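See below for the structure under consideration.
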Amino acid sequence: MQGSTSIPGSKRQRGTLRSGGIVPGRRCGRRSQNQAVTSIAIGLLVCLTAIATCAQDRPAPRMAGLATVYYPNAHADMFLSRMLTGYTLDGQGEFPPWKLASLHVEQFPDNDMSRKLAAAHGVPMFAMPRQALTLGGDKLAVDGVFLICEHGKYPESDTGQFLYPKRAMFAQIVAEFERSGRVVPVFLDKHLADNWRDAKWIYDEAQRLKIPLMAGSSLPVLWRYPPRDVQRDAALREVLVLSYHRLDSYGFHALEIGQALAERRRGGETGVKSVRTLKDDAVWRAIDEGVVDAKLLELATAQAKDRPIRKDKKLSELIKHPHLFVIDYRDGLRVNVLTLDQLYIDWTAAWSYTDGRRDAAVFWTQEARPFMHFTYLMKPLEPFFRDGTRPWPVQRTLLTTGLLDALLVSNRDGGRVVDTPHLNIEYRTDWNWSQPPPPPPDRPINGQ
């Protein structure tokens, strides 16, 4: 199967490809050379035709979809429905190159769409994740796994994160991989887990079994206005991201924005030394004291595209209960995330270099169907599910997952500084953001 890998030490073996070469021989005359060139051209044409025919005849890779809940506009709809109704969720245009072969869903609210959609498209549903991976048989029978643990009725931790069953479901995936002696790529939506312990366990299990693993937010890949990025290998001083809504779910997106910018700096990612979370009046005092570059804040608030911030009042007059994530990296970089919970705003970011230059952009999401930014998170998964190629390191999301956990611990504990030696995560990436094509026209959020 495409993208699959045998587990080291298992009985299953990988095949070996042998390539031939040109064997030296005696010199040929012009006529013989022409005949040889013609024969080679014909041979190449035959090979290319055979390859194209094989590609057409090859069945689409089969994906297992494991979700906590599946209702209109939930993340399961955003990912899994695209395999059934296309990248624009209307049955038109381009489809992902995979087939949704099975479904496992944990919860079924009144607006559940999984059962109706599965029946309409002939997708079998299974009560257990293992059955979805084996298609009801006795061995792994899919080429990849979408693990979508987002939304649904789950309790919250004492730090304010929803306790989605990411580790429990990933454990069942691991168990089936070990039983079958083979692994396939797994995409895990958003952060790896709601706490560092479980996130590190998931990451370590993927490393142990050599499971191709990807995770993360759609925010780093979507539209930016103006279309700007941090200059690669430049010396960064500070990054500021503006966010809104919940600290856990939307705070994670903001952290992924910040990390996607920060990882481009000179020397690559070096890891994080400490974090703290401030709230209410302590946020405005921190800004006055220079914890946040006031000019960066002014630049960031000026970027809003669709939902601008009022200019007739100060932010401190508009926002009564702000939160500020303060992240200090080992190399001296500071990343701040300012959550303006009373405002419904655009995600924006601004950054400064050590030479004094500043830049900024709005990270724009399509807040209507088909929520096309999810398509541009799925697009990088095409080579990932084909051969395990990751466009960006999974260490990015391991780091942002650990950051969110530590920052919410600080918030719970009254804003204390939390040292993070466990986040000494170093990595480099050659991933480059590029502006997606213009989104299709908005459709009603409660329609198809």
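Annotations for the structure displayed:
- For first residues located in the range 48-76 and within 24 Å of Val184 (Cβ to Cβ) and part of a helix (DSSP H, G or I), partners that are modelled with pLDDT of 95 or more and aromatic (Phe, Trp, Tyr) and lie 6+ apart or on another chain with Cβ distances below 6 Å form the pairs Ala76/Tyr70.
- Just one residue in the set Tyr353, Tyr376 is at pLDDT 95 or above, of a type outside the set (Val, Ile, Thr), out of contact with any Ser or Thr (no Cβ under 6 Å at 6 or more places or on another chain) and not assigned by TED's automatic domain parsing to the domain that holds Ala234; that residue is Tyr376.
- Every residue from the range 339-361 that is in contact with a helix residue (DSSP H, G or I) (Cβ under 8 Å, 6 or more places away or on another chain) and of a type outside the set (D, E, K, R): Thr339, Leu340, Gln342, Leu343, Trp347, Thr348, Ala349, Ala350, Trp351, Ser352, Ala360
- Looking only at residues in the range 209-251 that are outside any loop (DSSP other than H, G, I, E, B) and in contact with a Lys or Arg (Cβ under 6 Å, 6 or more places away or on another chain), the one that is surrounded by the most Cβ atoms within 10 Å (Cβ to Cβ) is Met214.
- Only one entry in Thr389, Thr401, Thr375 is surrounded by fewer than 23 Cβ atoms within 10 Å (Cβ to Cβ) and hydroxyl-bearing (Ser, Thr, Tyr), namely Thr389.
- Applying the condition of being over 21 Å from Arg58 (Cβ atoms) and out of contact with any strand residue (DSSP E or B) (no Cβ under 6 Å at 6 or more places or on another chain) to the range 90-107 and asking which residue is surrounded by the most Cβ atoms within 10 Å (Cβ to Cβ) yields Glu106.
- Residue in the range 207-223 that is more than 23 Å from Pro380 (Cα to Cα) and either charged (D, E, K, R) or under 19 Å from the mean Cα position of the chain (by Cα) (or both) present: yes
- Members of the range 142-171 that are under 16 Å from the mean Cα position of the chain (by Cα) and assigned to a loop (DSSP other than H, G, I, E, B): Cys149, Glu150
- Test: residue in the range 299-309 that is in contact with a strand residue (DSSP E or B) (Cβ under 7 Å, 6 or more places away or on another chain) and closer than 27 Å to Phe384 by Cβ: no
- Restricting the range 341-378 to residues that are in contact (Cβ under 8 Å) with a residue 60 or more places away in the chain and basic (Lys, Arg), the residue that is farthest from Gln259 (Cα to Cα): Arg369
- For Asp158, the stated conditions do not hold, so it cannot be described as of a type in the set (Asp, Glu), touching a helix residue (DSSP H, G or I) at 6+ places or on another chain (Cβ under 8 Å) and crowded, with 21+ Cβ neighbours inside 10 Å.
- Residue-level check: of (1) buried (at least 17 other Cβ atoms within 10 Å of the Cβ); (2) within 24 Å of Arg246 (Cβ to Cβ), Tyr329 misses just (2).
- Scanning the range 163-198 for residues that are aromatic (Phe, Trp, Tyr), within 24 Å of Phe374 (Cα to Cα) and in contact with a strand residue (DSSP E or B) (Cβ under 6 Å, 6 or more places away or on another chain) yields one hit, Phe187.
- Selection count, the range 385-421, where residues are among the hydroxyl-bearing types (Ser, Thr, Tyr) and in a helix (DSSP H, G or I): 4
- Residue check for Ile309: surrounded by 19 or more Cβ atoms within 10 Å (Cβ to Cβ), under 27 Å from Pro227 (Cβ atoms), free of Cβ contacts under 8 Å to residues at least 40 places away in the same chain and among the hydrophobic types (A, V, I, L, M, F, W, C): yes
- For Ala300, the conditions (1) assigned to a loop (DSSP other than H, G, I, E, B); (2) hydrophobic (A, V, I, L, M, F, W, C); (3) modelled with pLDDT under 95 are fulfilled apart from (1).
- Taken over the range 342-396, the criterion of being charged (D, E, K, R) and farther than 16 Å from Lys190 by Cα is satisfied by Asp346, Asp355, Arg357, Arg358, Asp359, Glu367, Arg369, Glu382, Arg386, Asp387.
- Of the residues making up the range 118-141, just one is closer than 14 Å to Met83 by Cα, assigned to a loop (DSSP other than H, G, I, E, B) and not aliphatic (A, V, I, L, M), namely Gly122.
The values are calculated or read from the model by the stated rules, or taken from the named source; none is laboratory data. Owing to the predicted nature of the structure, the values given are computational and were not obtained by experimental measurement. FYI the Cβ positions are ideal-geometry reconstructions off the backbone, even for glycines, and counts take in every protein chain you see.
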